[in-house]
1. When the solvent-accessible surface of protein heavy atoms is calculated with a 1.4 angstrom probe, in what order do Glu456, Glu436, Glu373 fall, highest first?
2. Given the protein chains as shown and a 1.4 Å probe, how many square angstrom of Met683 are accessible, to the nearest 10?
3. Restricting to lysines 8 or more places apart or on different chains, can you count the pairs in region 532-690 with Cα atoms under 28 Å from each other?
4. How large is the accessible surface per residue of the chain, computed with a 1.4 Å probe and reported in Å² as a whole number?
5. Say a paramagnetic label sat at a point 7 Å from the Cα of Lys333, along Cα to Cβ; which residues of region 346-385 have their backbone N under 14 Å from it?
6. Across the Cα atoms of the chain, what radius of gyration and what greatest pairwise Cα-Cα distance (Dmax) are found, in Å?
7. To the nearest 20 debye, what is the magnitude of the charge dipole of region 419-531 about its Cα centre, counting +1 on the Cβ of each Lys and Arg and -1 on the Cβ of each Asp and Glu?
8. So how far apart, in nm, are the two label points at Asn496 and Lys693 if each is 7 Å from Cα heading toward Cβ?
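The values are calculated or read from the model by the stated rules, or taken from the named source; none is laboratory data. The model shown is predicted, which means the values in this text are computed figures rather than measured ones. Note that each Cβ is placed from the backbone with ideal geometry, even for glycine, and that neighbours are counted across all protein chains shown. Ligands, DNA and RNA are stripped out before the accessible areas are found, and what is left, the full protein with its side chains, is counted by its heavy atoms. Shrake-Rupley method; radii C 1.70, N 1.55, O 1.52, S 1.80 Å.
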Amino acid sequence: MGNQLLQRVRVKSSTDAGRLISDKMRDWILPYWYTRQNNPLLPTYVFGGLTFCNLSYRNWTAIRGGTAGEVLFIDRMGVLFHSRLRLSFEIWVHTGERLLTPGGFEKVFQRWTPDPGIETVSYYEHGICKTQLLPFANSVNEGIICNISLVNRSEDQLKLSAIYLVIRPWDFNGLSAIRQMEYKDNYLLINKSKVIFFEKEPQHCFFTDGIREDVTEYFQLGEGNAGLLAQDGLGTGLVGFSGLPAELNAIKLLIGDKKNFNGIRGFLAKKNLMVDVSNSLNRIRTDTAIDQLLAASLGYLRFFNHWPYCANIYQIFVFNRFSDGSWSRNCLKECLKQVTWDGLIHNGDIRPEQLLVGVADYFKLTADHHFIEKNWSTLKRIGYAIWHQKVKRILLADFGLEKHSSQDFFYERCLWYCAALRELEGLANALRETQESHNFKEQFLALWSKLTGLLEDNIKSRGIRVISLRQSCDYGAGIIYNLAGAYPLRLWEQGNSYVRDTLDFVLQKYSFQGGIYSPFEFQGIDLALSIRAGQVLIREGYDYTELLKLLFAAAGDTWSLPGRIHPLTKNGIGEYGHDPEVLYQLLLLVRSIFVIEEGSCLSLFPGIFTSNFWERPQLKISRMITYFGEISCSCSCIQDQIQIDFWPQYRIKPEKIYIRINNAFRPVYADNDWKKRASLLEMNPDFHILRLKKVKSAGLS
């Protein structure tokens, strides 16, 4: 795992030396992750002790000030990382008797707060050190407010103490360079950039060249300085405050950057959040940990709501469902600007066929006809480019099929092509473009027929109904990408044998404690893949309780999730300690628990009555946006009965409402027509009340 991760982070370190500890640093107080991953008695031990890269504790939380300010990361020990300068800021506490550094406190508790922000409380013998990070933005500044306070026990209130902010020339991917540091006029300048503004004058400043010594030399000398030049880039320093604990309970500073950091002294008296997501926060209430997970995830979504993060199709799906439409519209506009004359996107993470699906998804949720009309020529250009440059090569079996079908994710790409052509048919219908609608329908049907034929041929030759990575060979955890045909594309209906057999194959071969093993070259549990599988589990009526338990264990109290985790420690081991892709998949998973659109029908509570997580569901959904309009509903337990109340505001009335139940429940009352088909209750869309009776005391069947 270590070597593979180093290959991924190679671009982040300018040289191999950036990932190797310097002999000059042997006497430094080194980061906790380095000492722990070099302890052979711990499960996080990594072979190769000279590797100065965090390989075993890659968990952190992103926080951003404003919409374009610096991203700051804070790990679970309270160490801060500056993303642009690639530096670490550590909080050290001197109790008067001993020096405490990250990893040396008795315990650390960290949690997400609804401000939104991150609060870290480090416990030691005489009291606690509390750090709170809050995003800040106004017309002058953007940054992160950092409040630091020391709270001692009553019997230790007269004990002199000190708090130090220590600047280190590394981040979680290895060494970086500090060649210049200076404190001047309440600013800390690093490499000639204004980085931190202090509300009050610090009492301690000491900067040194690490070639000669660590900052701990200051505790021996007792003499400070105002700056340094370090040609070798191993500069380090500390800025601190000392006194009685009561004098150290309100240290405030602002972390920003040189471009928009012009310093009005009164900034600390104000608080201005970037984006209001209160409507989204109030849409789902469950009285479970999912409420906190959802609230934190929506808060973090704001930190990734700017270009180029907007190039991901799953982020577009999330914006479509959890924003007022403006985020989605702006994101789609930026993506459409990247479309070239030939209908392709040469730069960016979103593929043309995915962009078409994202636009159609936005339209079905918002009914924004003006946006479609304005961009219709571009959308058609993309559609015909897909047909002529991609699909025709697949349809002509004697022209390039073997080349295409031997590529990884061949089927996954075909499924997206199918979805894009089908969605273009729907958009053309909405614009009353009859001929265009007919053309795209014919193209979709031609590709769908070819794709299903290829699948059947593959199945006959292999004997299992599992969709492989490519047409010619190979399976692996990556076949989960093929399940996009079930969700979110919904090309296959519920219960399709391709989907169920592929899902069963994945669960049998690649699952562990609710998660899915990452592709073997990276190892660990891949949380994005795990959640994508979970979305299909919900749609197909499987129990996904183990996945929820895994996510809660990996998220901790900050509710931030890395890309990959160690299967035993649940620590992050992937490239990203707070992964936007996992965030997007997680939000889609949460929504799919409560509602999934299925063609002309609406599936209500698809993940409630199939999971042991919801023993006695008490939940409420308010004004959730769907393809059919806004819906509100509730689910409440009254003794051995469960009552569902449903209040839709249809823009388009669905043909049916589906409610999936298992044998532990049976319907006893409904105020409108219904019928049961296997595990699905088919409700009249005008129903308002349904009561279910629990006929088994525990368990699902």
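1. Ranking Glu456, Glu436, Glu373 by accessible area, largest first, yields Glu373, Glu456, Glu436.
2. 0 Å²
3. Eligible lysine pairs with Cα atoms under 28 Å apart amount to 10.
4. That works out to 40 Å² for each residue.
5. Residues 370-372, 374-375 fall inside that zone.
6. Cα radius of gyration and Dmax of the chain are 27.8, 86 Å respectively.
7. 220 debye
8. Result for the modelled spin labels: 3.8 nm.
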